[in-house]
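Inspection log for the structure reproduced underneath, given as structure tokens.
The values are calculated or read from the model by the stated rules, or taken from the named source; none is laboratory data. This one's a predicted model, so the numbers in the text were calculated from it and none came from an experiment. Ideal geometry is used to build each Cβ from the backbone, glycine not excepted, and the neighbour counts take in all protein chains shown. To get the accessible areas, we keep the full protein, side chains included, count just its heavy atoms, and leave off ligands, DNA and RNA. Shrake-Rupley method; radii C 1.70, N 1.55, O 1.52, S 1.80 Å.
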Amino acid sequence: APSALLRALPLAALLLLSPARAARQARRPNVVLILTDDQDVCLGGMTPLKKTNALIAQMGITFVNAYVPSALCCPSRASILTGKYPHNHHVVNNTLEGNCSSKLWQKIQEPYTFPALLKAMCGYQTFFAGKYLNEYGAEDAGGVGHVPPGWSFWYALEKNSKYYNYTLSVNGKARRHGENYSVDYLTDVLANMSLDFLEYKSNFEPFFMMISTPAPHSPWTPAPQYTKSFQNVSAPRNSNFNIHGKNKHWLIRQAKTPMTNSSIQFLDDAYRKRWQTLLSVDDLIEKLVKKLEVDGELDNTYIFYTSDNGFHTGQFSLPIDKRQLYEFDIKVPLLVRGPGIKPNQTNKMLVANIDLGPTILDIAGYDVNKTQMDGMSLLPLLRGDKNVTWRSDFLVEYQGEGYNGSDPSCPGLGPGVTHCFPDCVCEDSYNNTYACVRTLSASWDLQYCEFDDREVFVEVYNLTADPHQINNIAKTIDQEILEKMNYRLMMLQSCSGATCRTPGVFDPGYRFDPRLMFRNHGLRARRFSAQFL
């Protein structure tokens, strides 16, 4: 009898392994992507997130050189979804005219986003909750009845970030929310929806979740329990705070220095409230990780945490916004934990949000070479593979927004400007249209930028010597480097797919042909509006 009992033990053990648990062990990894809105990394944006740091960063890898190719919500989010630079997905700003959630976007780009491929080609169940694209839900583009291809479960915010008094598209049906904290505070609603999905999803298919929070975007409404947090916190007074942006594009030079006391008080208050809103994101992360652990899913789940762009609070006397070319606006947090990732790592490779789609498809076992994506899979870096060949530069591009008429409160500025503050400091304009090569190699930490304006203004920064980008060295840097960077910029602005991953100026395999220097020069940024919109 004892021997019969021993012989039966393996069978008993197999019987104890439920079909659901067996299916979980056999299938592809799950992926969770948490995307915050306007969260910087240069100015302390990760500081409030103690739980997120413990549960993701310390359990995985932190990419300290993670960037976005366009420092504005809609173009950046389109880059995440498509794995493409803005000149290839054609979303250039936050307006319908700029292709943000437009009919053209829906027809040409949405069917080929990485979630669409995950669902159609890889058998993933997919879940979206939160802010999608700034113009999502616009009546001219199908309203909230439009559910993009690729989503099994769709809980998308109509238009831009809010915390109360908003409408969600629940699988294409409008659901209105009010201002009762216990049932309407959007960050908490997203957390609860996510937990519900994990509770009731199929256990026989891998899943992808994208949770896109309103925090820390304006109007910076914290949960009631956090309104007293960080009372003594103010925006960092680093070396580029409240100084005149000399030798910079005219839009930066027009900022009034020193800023008024009211502007400083305003940006300090905004900075503090931004941190307060992030405490609810920290709670969301904790709930999510605990649920994954309880369900036995955590060890087979990659969790990515990032933001759609950075932010500034007083740098070069610009009160608050994003959309500029500087580190504080284009650099973002990127934390990842998951199977095969060793804990508490830091990676210095130059990565961009166009890499997220290829990475997640790679995790799902899909051949990224079958796509038209411009980015690279981070999976070799996540696994710690040796001798990985990686990029040394990437493209930053932005097409400025501006109104045809003058700002009513600042008529003296004339037409073409927008996002103006009461003291007539404007954060954007039509000709705030620029493109940059951001280079990070063994020998150079450099940014080269050209503006599409009458000045054809150029800004160049050596970030090794000048990390806060105070001194524009365009007129003093070696002419040969300037010419090579100009040529590289032209190459990247016309790149697509694999040609976006060719060697950079300081890579051994780089080839420079001066004869191509000025071919089509000056037409790059303007082709957005002429060709695609």
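So which residues in the range 304-320 are of a type outside the set (Phe, Trp, Tyr) and more than 15 Å from the chain's Cα centre (by Cα), if there are any at all? Listed by number, the residues that qualify are HIS312, THR313, GLY314, GLN315, SER317, LEU318, PRO319, ILE320. Does VAL456 satisfy being modelled with pLDDT under 95 and of a type in the set (Val, Ile, Thr)? So VAL456 fits the description; yes.
For the range 109-155, which positions are aromatic (Phe, Trp, Tyr) and open to solvent by 30 Å² or more (accessible area, probe 1.4 Å)? Once the filter is applied, which keeps residues that are aromatic (Phe, Trp, Tyr) and open to solvent by 30 Å² or more (accessible area, probe 1.4 Å), the range 109-155 yields TYR112, PHE153, TYR155. A count restricted to the range 432-449 and to residues that are within 18 Å of HIS249 (Cα to Cα) and touching a residue at least 60 places away in the same chain (Cβ under 8 Å) stands at 9.
Is the range 120-135 home to any residue that is on the phi > 0 side of the Ramachandran plot and under 19 Å from the mean Cα position of the chain (by Cα)? Scanning the range 120-135, I find at least one residue that is on the phi > 0 side of the Ramachandran plot and under 19 Å from the mean Cα position of the chain (by Cα), so the answer is yes. Would you confirm, using the coordinates I've provided, whether LYS273 is over 23 Å from SER307 (Cβ atoms), at pLDDT 95 or above and crowded, with 18+ Cβ neighbours inside 10 Å? The answer is no for LYS273. Would you be able to say whether some residue in the range 338-360 is out of contact with any strand residue (DSSP E or B) (no Cβ under 7 Å at 6 or more places or on another chain), open to solvent by 10 Å² or more (accessible area, probe 1.4 Å), at pLDDT 95 or above and not in a loop (DSSP other than H, G, I, E, B)? Looking through the range 338-360, none of the residues is out of contact with any strand residue (DSSP E or B) (no Cβ under 7 Å at 6 or more places or on another chain), open to solvent by 10 Å² or more (accessible area, probe 1.4 Å), at pLDDT 95 or above and not in a loop (DSSP other than H, G, I, E, B).
Picking from residues in the range 191-244 that are open to solvent by 50 Å² or more (accessible area, probe 1.4 Å) and hydrophobic (A, V, I, L, M, F, W, C), the one that is nearest to TYR366 (Cα to Cα) is PHE204.
Just one of (1) on the phi < 0 side of the Ramachandran plot; (2) buried (at least 18 other Cβ atoms within 10 Å of the Cβ) trips up GLU293, so point out which. Unmet for GLU293, out of (1) on the phi < 0 side of the Ramachandran plot; (2) buried (at least 18 other Cβ atoms within 10 Å of the Cβ): (2).
Checking the structure you have, find out if any residue of the range 304-319 is assigned to a strand (DSSP E or B) and open to solvent by 10 Å² or more (accessible area, probe 1.4 Å). So far as the range 304-319 goes, no, none of its residues is assigned to a strand (DSSP E or B) and open to solvent by 10 Å² or more (accessible area, probe 1.4 Å). Please indicate, with yes or no, whether at least one residue in the range 37-53 is at negative phi, in the same structural domain as ASN192 (by the TED database), open to solvent by 10 Å² or more (accessible area, probe 1.4 Å) and among the hydroxyl-bearing types (Ser, Thr, Tyr). So far as the range 37-53 goes, yes, one or more of its residues are at negative phi, in the same structural domain as ASN192 (by the TED database), open to solvent by 10 Å² or more (accessible area, probe 1.4 Å) and among the hydroxyl-bearing types (Ser, Thr, Tyr). Look at GLY509 and say whether it is over 14 Å from TYR448 (Cα atoms) and at pLDDT 95 or above. When the stated conditions are applied, GLY509 does not pass them. Here is a check on your reading of the model: is ASP299 open to solvent by 10 Å² or more (accessible area, probe 1.4 Å), touching a Ser or Thr at 6+ places or on another chain (Cβ under 6 Å) and acidic (Asp, Glu)? So ASP299 fails the test.
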